[in-house]
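A.B. asks: Submitted below is the structure of interest, expressed as structure tokens.
The values are calculated or read from the model by the stated rules, or taken from the named source; none is laboratory data. Quantities reported herein were computed from a predicted structural model and do not represent experimental measurements. Because the Cβ atoms are built from the backbone with ideal geometry, glycine has one as well, and the counts that use them run over all protein chains shown. Quick note on the areas: whole protein, heavy atoms, side chains included, nothing else; ligands and nucleic acids left out. Shrake-Rupley method; radii C 1.70, N 1.55, O 1.52, S 1.80 Å.
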Amino acid sequence: MRLKLAATLCMFSTGFAFVTPAIADTNLKIFVSSQHRPEIWRQLLDQYEAKHPGIKITMETGGNTSDAQAQYLNTVMSARDTSLDVLILDVIRPAQFAAAGWTTDFSGQDMKAYLPAYAEANTVNGKVVALPAFADAMFLYYRKDLLDKYGLKPPKTWDELKAEAKTIMAGEKDPELQGLSFQGKAIEGAVCTFLLPYWSEGKNLIQNGKLTYDQTAATKSLELWKSFVTDGVAKKNIAEVATDDTRKEFQAGHVIFAVNWSYVWSQTQGPGSAVVGKVSVATLPAVEGGKPASCLGGWEWGVSAYSTHKDEAKKLVEFLSAHDQSKYMAVHASLLPTYADLYKDPEVLKAAPWFADALSVVETARARPVTPRYNEVSEVIRTTVNGVLAGVMSPKDGAAQIGARLRRIIR
Ligand code: GLC
């Protein structure tokens, strides 16, 4: 820590004044995704600053999608930029960042307290490279008021969902009302869009480093999503819809069923929401004859390898990743806890009652393939999902193209 040349002026009643050198402020800069409630993270940073005089934290927010942020961080880190100390990373990225030498290890960190999926995602070659910020998985948000009005139960299959959406849309006669919103834009979230029905058919994409792609299941997955558009249940320009668009449209009352992550809940309950008291959350439907599957999400705190305040940055990360802060973000931002006991915590359940059933979803959610070439795998899938939904190619051709391109990446 550097000594500050600026000084504190002390006045005494005797009338003379003198200066004492004060400890310099350490300025830490933390990167947070703009989608994940930076204003609530700021409250925790304020608490930290209050407890640690001499530490000042500035926040940088950016990228409303995981891939946009990754692109930004890739540029910053490739340039060995020292300005960022702490980085929030999507669960799919710690391994990649560690391999690039962009993170700092947390030696001696005990990961047992966290949910196993996150202990695993943050441990690379036996080293802890980041600490969990929050857990995540995909769920089915739905308009309970509308399902109740038509005597319907949350759907167990995608076909049931389609039929229920049609019933409600026909009854409501609201041209703005969409049956289903999901992510069709060429963003990271579209990888999960593709995988949900694919996994639900019992298929894997990559196992033990080998490609286990099933083209028939992939065709069915793409056909399913496309059919929502063809049948008028999803809107025509679903290929332009990113995660937060689904959230906004659902929150404005224009969507019956929405596929989305946990952060959506608190905003549907907030002052800007048209659907307070009208929303419930369920596990995602399965394909006919299949098992429901969710996509494992979540975000992690890494310390930049180029930070000039690594020790201070690690202490801040340890604070942000701790039990009390996980609870705070669950209560105030409906970000899923990374500690199992918090799924039973009365204050958490008061803020988000459906978290009572969310732990089993997180625990059984499937992880996107782990491969050093994940970025390319993601690119192939999300651009193809987008192309099929935009009507540029048929589901069959899309599935063939995914196979051909993946075979070139995973040999
Ligand atoms: C959520 C998930 C993250 C995922 C992203 C995709 O933020 O937590 O893991 O990659 O959505 O849009």
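A.B. asks: Per DSSP H run of n ≥ 4, the term is -39500 (n - 2.57); total these for the chain, divide by its residue number, and report the mean residue ellipticity at 222 nm rounded to 500 deg cm²/dmol.
C.D. replies: Numbers: 16 runs with 168 residues, N = 411.
The helix contribution divided over the chain gives -12000 deg cm²/dmol.
A.B. asks: Could you work out the relative contact order of the range 152-223, using alpha carbon pairs under 8 angstrom and six or more residues apart, expressed as a whole percent? Spell out each step's value before the answer.
C.D. replies: Working: 42 pairs, mean separation 12.9, N = 72.
Relative contact order here is 18 percent.
A.B. asks: Here's another thing I want to ask about it. Before I look further, what does the range 94-152 give for accessible area per residue, probe 1.4 Å, in whole square angstrom?
C.D. replies: So the range 94-152 comes to 41 Å² accessible per residue, rounded to a whole number.
A.B. asks: Now, a different point. Under 8 Å for C-alpha pairs, at least 6 residues apart: give me the relative contact order for the range 73-196, rounded to a whole percent.
C.D. replies: Once divided by the residue count of the range 73-196, the mean separation gives 14 percent.
A.B. asks: Please list, in chain and number order, the residues 5+ apart from Arg366 or on another chain whose amide H is under 5 Å from its amide H, with Hs placed from the backbone.
C.D. replies: Close amide H contacts, sequence-distant or interchain: Ser294, Cys295, Leu296.
A.B. asks: Would you mind listing how long the chain runs along its three principal axes, going by Cα atoms, in whole Å with the largest first?
C.D. replies: Taking the Cα atoms of the chain, the three principal extents are 84, 51, 36 Å.
A.B. asks: Could I ask something else about it? Have a look at the range 266-338 and give its Rg and Dmax from the Cα atoms, expressed in angstrom.
C.D. replies: Considering the range 266-338 through its Cα atoms, Rg and Dmax are 18.0, 55 Å.
A.B. asks: Continuing with this model, one more query. Determine the shape class of the range 152-201: with a ≥ b ≥ c the square roots of the Cα gyration tensor eigenvalues, call it rounded for a/c under 1.5, and otherwise prolate if a/b is greater than b/c, oblate otherwise.
C.D. replies: Oblate is the answer for the range 152-201, as a/c is 1.5 or above yet b/c matches or exceeds a/b.
A.B. asks: Could you work out the relative contact order of the chain? I mean the mean sequence separation of Cα pairs under 8 Å and 6+ apart, divided by the number of residues, in percent.
C.D. replies: 23
A.B. asks: Further question on the same structure: Taking 0.36 nm per residue of separation and subtracting the Cα-Cα distance, what length does fully extending Ala170 through Met393 add?
C.D. replies: In short, 77.3 nm is gained.
A.B. asks: Also, I was wondering about something else. DSSP beta bridges in the chain, what fraction antiparallel, as a percent rounded to 5? Present the calculation step by step, with values, prior to reporting the outcome.
C.D. replies: Numbers: 31 of 46 bridges.
Of the beta bridges lying entirely in the chain, close to 65 percent run antiparallel.
A.B. asks: Here's something else I'd like to know. How large is the dipole of the chain about the Cα centre if only Lys and Arg carry +1 and Asp and Glu carry -1, each at its Cβ, rounded to the nearest 20 debye? All intermediate terms of the calculation are to be shown ahead of the outcome.
C.D. replies: Details: 45 positive and 44 negative charges, 134 e Å.
The calculated dipole for the chain is roughly 640 debye.
A.B. asks: Hey, how many Å between the Cα centroid of the range 34-91 and the Cα centroid of the range 224-247?
C.D. replies: 31
A.B. asks: For the pairs Lys29/Lys185; Lys162/Lys236; Lys127/Lys210; Lys173/Lys350; Lys149/Lys350; Lys156/Lys236, note any where the Cα-Cα span goes beyond 23 Å.
C.D. replies: As for pairs spanning more than 23 Å Cα to Cα, those are Lys29/Lys185; Lys127/Lys210; Lys173/Lys350; Lys149/Lys350; Lys156/Lys236.
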